[in-house]
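The values are calculated or read from the model by the stated rules, or taken from the named source; none is laboratory data. From a predicted model like this one, the values you see are computed outputs, not experimental measurements. A quick note on method: Cβ atoms are made from the backbone with ideal geometry, for glycine too, and the neighbour counts reach across all protein chains shown.
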């Protein structure tokens, strides 16, 4: 694998056993992530988008090893970290951090800000009280908060301020990659822009790489270099962000883009006609997972699953309709 790759994911899967119950099928599994492969380069912001329930968060948590994969491999700088135990994984924990979606439930209400922000340091040793306070004070300034607030508790902050505390915690051990899991979806729109701009500034200041997870392409567009679109546990399209926005190839990608609200009342778009709901991940359909909702589906889509195929440069799509020129305008 190229030396420029920070993270390489190969055929990663995560299947959750279905709990017992009156209507549960024996031996049933929820196929949350189903054979995903991609790479993230050093210094790159890689976006993952898709509807709720498509497996984005599960994928992000496997990358930082909060969840154990069912199958596949995860490489960090060429080292296989897929199944390392806790002690062997410790050196990599410092390099891989995560920002959680909910700024309320992700912070312990019984801990002060200084304890929350410097908690990751304890995984690398036991820093002195003065050291912890200095690190926390520096990070509070970096994320736009006051060092004087270190002794406060989470309930004394707004949602946007709490998310800044979560960002400071992720930066505490100077990681190389941060998985940002819907980091602005729980915030007001005015605060979202501030946090997105902050993440962009921190990327340059700390030489970071991001895996940025969101259901909102309009948010991902502003911070990522490449975008991967997930549907029902699989990636259906990957492309450089600008190329994806201007020339998407998969019908599902087109539907996501056309769902973005437009500020211009005179701007008119022709919506993609999707029918029905996302199929059951316990029993996904044969063939292309999107075919039950795709207005362009034909016989082959219902029987054969398309693989991600490169069509031009770094643009890859999993769709039988693709003719190499772009079928969805």
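What helices (runs of 4 or more DSSP H) lie completely within the range 75-183 and have 3 or more residues being without any contact (Cβ under 8 Å) to a residue 40 or more places away in the chain and in contact with a helix residue (DSSP H, G or I) (Cβ under 7 Å, 6 or more places away or on another chain)? Full working, then the answer.
Numbers: elements: 86-93, 113-118, 129-142, 159-171.
Result: 129-142.
For residues in the range 240-257 being within 19 Å of the chain's Cα centre (by Cα) and modelled with pLDDT of 90 or more, which is farthest from residue 44 (Cα to Cα)?
The first filter runs over the range 240-257 and keeps only residues within 19 Å of the chain's Cα centre (by Cα), leaving 240-242, 244-245, 252-253, 256-257.
Next cut, modelled with pLDDT of 90 or more only: 240-242, 244-245, 252-253.
Values: 240: 11, 241: 12, 242: 14, 244: 16, 245: 18, 252: 25, 253: 22 Å.
Per the stated criteria, the residue is 252.
Checking residue 300 against (1) in a loop (DSSP other than H, G, I, E, B); (2) over 17 Å from residue 234 (Cα atoms); (3) at pLDDT 90 or above: exactly one of these is not met. Which one?
Tallying (1) in a loop (DSSP other than H, G, I, E, B); (2) over 17 Å from residue 234 (Cα atoms); (3) at pLDDT 90 or above, residue 300 fails exactly one: (1).
Which is modelled with pLDDT under 95, touching a strand residue (DSSP E or B) at 6+ places or on another chain (Cβ under 8 Å) and either surrounded by 14 or more Cβ atoms within 10 Å (Cβ to Cβ) or under 26 Å from residue 284 (Cβ atoms) (or both), of 55, 60, 72?
On inspection, the qualifying residue turns out to be 55.
Given 201, 207, 216, 188, which one is surrounded by fewer than 19 Cβ atoms within 10 Å (Cβ to Cβ) and on the phi > 0 side of the Ramachandran plot?
207
Within the range 82-101, is even one residue surrounded by fewer than 16 Cβ atoms within 10 Å (Cβ to Cβ) and under 24 Å from residue 238 (Cα atoms)?
The answer is no; no qualifying residue exists.
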